[in-house]
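To start, the structure under review is shown below, and the notes come after it.
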């Protein structure tokens, strides 16, 4: 009789323990959430590729008339730009080549002296460059150094006596900063120092040097 009670008690206890587990198994379980991939970092900006643009600026310079005096022409400049940048994947260094051509209104600053009593004047009607660029990218903002060939006209006038208009090649050096506005658009500001060499008017050597500050808007392909 005792063994029978023991068996019945054990069976009852197992039934009590198993009942909640069986009941829990019947409760509907929520569906697993769909897999969400981890967020990916935004791709780094890359400067590689060709571009075209517009530029506008202001130039001021000095033109020494050997033995006579110095003209100081100044004026606005408007033009266009064509270039190409190359940036290795994962590297912040950017290398490029850029060319531009601009209409120039650098004139004025005439002076009067012996040999040009009615005035001597130097003008610059157009100006262009072909330059290399080396920049360092800070996530879409790139300071850069630049330098290369400068080409432009030097027009000189002894009022009432003689004029000359010569295309000269020289050099330029400078720097600037360019920033991405959108995936295809960038804007820049830069400074250039340019030396176009010298020309001759009635036996007088006349040089032309200028400082140029300008801004540009570029479209990248």
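Only the coordinates and a few stated rules stand behind these numbers; no lab work does. In this text, all values refer to a predicted model and were calculated from it rather than measured experimentally. Quick reminder, even Gly has a Cβ in these numbers, built from the backbone with ideal geometry, and neighbours come from all protein chains shown.
Could you calculate the contour length gain from residue 72 to residue 89, that is, 0.36 nm times the residue separation minus the distance between their Cα atoms, to one decimal place in nm? Please report the intermediate quantities before stating the final value.
Numbers: separation 17, 0.36 × 17 = 6.12 nm, distance 4.65 nm.
Roughly 1.5 nm would be gained on extension.
How would the stretch 43-97 be classified by its alpha-carbon gyration tensor: rounded, prolate or oblate, with rounded meaning a/c under 1.5 and the a/b versus b/c comparison settling the rest? Write out the running numbers ahead of the final one.
On the way: a/c = 4.47, a/b = 2.78, b/c = 1.61.
Taking the square roots of the gyration eigenvalues as a ≥ b ≥ c, the stretch 43-97 is prolate.
Provide the gained length on full extension for the span residue 60 to residue 193, in nm with one decimal, where the gain is 0.36 nm per separating residue minus the Cα-Cα distance.
On the way: separation 133, 0.36 × 133 = 47.88 nm, distance 1.00 nm.
Additional length available on full extension: 46.9 nm.
Between residue 167 and residue 181, how many nm apart are label points set 7 Å from Cα along the C-beta direction?
According to this spin-label approximation, the distance is 3.2 nm.
For the stretch 137-221, what does the convex hull of the Cα positions come to per residue, in cubic angstrom? Show your work: numbers first, answer last.
Numbers: hull volume 9.2 nm³, N = 85.
Hull volume over Cα atoms, normalised by residue count, gives 108 Å³.
For a Förster distance of 30 Å, can you work out the FRET efficiency between the beta-carbons of residue 97 and residue 200, rounded to the nearest 0.05?
Details: r = 33 Å, r/R0 = 1.09.
Efficiency, rounded to the nearest 0.05: 0.35.
Between residue 48 and residue 126, what FRET efficiency follows from the Cβ-Cβ distance if R0 is 35 Å, with the result rounded to 0.05? Numbers along the way, then the final one.
On the way: r = 31 Å, r/R0 = 0.88.
That pair, residue 48 with residue 126, gives E of 0.70.
Using the basic label-point model (7 angstrom from Cα toward the beta carbon), what is the residue 211 to residue 113 distance in nanometres?
If labels sit at residue 211 and residue 113, their model points lie 2.2 nm apart.
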